[in-house]
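Enquirer: Please see the structure below; I have some questions.
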Amino acid sequence: MEVLKAIADRCSVREYKAEQITDDELQAIVEAARMAPSGMNARKTRLFVIQSPEVLEKTARAIAAATRAGHAEGVSAERAAAIDMDSYNFFYHAPTLLIVTSPADAYNAFADCGCVLENAMIQAAELGIGTCWVNNVRRCQKDAAVRELLTELGVAEDEIVTGSLAIGYPVHELKGKNQEKGHEVKYI
Ligand SMILES: Cc1cc2nc3c(=O)[nH]c(=O)nc-3n(C[C@H](O)[C@H](O)[C@H](O)COP(=O)(O)O)c2cc1C
């Protein structure tokens, strides 16, 4: 499949099958992410791939509690108060979650994360696998319980979470919607 077709097919998937993606598929996605460029070739971005159902469940619960407590940066009090702790799952029950971190003082931290996650999303789309960028680990990372969990995963004290990605087989076939709209382009 051509790269442009994978880019056009990619869309945010918010309904996943419970079945895990194969190891070969995971490796292809991780390889694409791992090879992403970084500002000044710093390569300080780190990738945490979570597939353990227990850890995924623990992470979902910690983020739900942090969001409900109003500790999700940028989430309004009304929205936080409306969260149903029993059903809320910020990564839509995807069987794989990729968390991206960077040293807190890295100038290109978020741009580097964008490159990593876009590579992962496109490679996944090429395989017919769904992804969705999820901001809530980043939003909640200052919550004490979430930070403790991140430390358990191996995130260092001087690292921040810059983004995360839900990955799994989509319930519905990928159908990108940006072909017609997309971003504005001006030719000069
Ligand atoms: C930086 C960034 C952060 C995003 N955060 C979230 C998120 O927290 N939760 C979510 O469901 N979607 C998130 N998205 C997905 C966007 O909502 C989605 O890309 C956009 O609506 C366009 O739809 P498409 O991905 O299907 O083309 C994020 C996307 C980007 C690029």
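The numbers here are math on the coordinates, done by the rules we state, and not lab data. Predicted, not measured: the structure shown is a model, and the values here were computed from it. Cβ atoms come from the backbone with ideal geometry, glycine included; neighbour counts cover every protein chain shown.
Enquirer: Of the residues T96, T59, T151, which exhibits the maximal mean-square fluctuation in a Gaussian network model of the chain defined by a 10 Å Cα contact cut-off?
Expert: T151
Enquirer: Work out the charge dipole of segment 3-168 with +1 on the Cβ of Lys and Arg and -1 on the Cβ of Asp and Glu about the Cα centre, then indicate which of A18, G130, G39 is farthest towards its positive end.
Expert: Towards the positive end, the residue furthest out is G39.
Enquirer: To the nearest 20 Debye, how big is the dipole of segment 52-188 about its Cα centre, given +1 on the beta carbon of each Lys and Arg and -1 on that of each Asp and Glu?
Expert: Roughly 420 debye, rounded to the nearest 20.
Enquirer: Using a Gaussian network model of the chain with C-alpha springs under 10 Å, which one of R14, R139, R79 is most mobile by mean-square fluctuation?
Expert: R79
Enquirer: For K5, go through the lysines and keep the ones whose alpha-carbon is under 27 Å away, minus same-chain ones fewer than eight residues off.
Expert: Leaving aside lysines fewer than 8 places away in the same chain, those within reach of K5 are K17, K175, K177, K181, K186.
Enquirer: Choose one answer from A109, A60, A18: the residue with the largest mean-square fluctuation in a GNM of the chain with alpha-carbon springs under 10 Å.
Expert: Maximum among the listed residues: A18.
Enquirer: Continuing with this model, one more query. In Å and whole numbers, how far do the C-alpha atoms of the chain stretch along each principal axis, longest first?
Expert: Answer, in whole Å and largest first: 44, 39, 38 Å.
Enquirer: While we're here: Please report the spacing between the Cα centers of segment 1-73 and segment 101-119 in Å, no decimals.
Expert: Centre-to-centre distance over Cα atoms comes out at 14 Å.
Enquirer: Which lysines have a Cα lying under 26 Å from the Cα of K142, excluding residues fewer than 8 positions away in the same chain?
Expert: Answer for K142, where 26 Å is the Cα cut-off: K44, K58, listed by chain and number.
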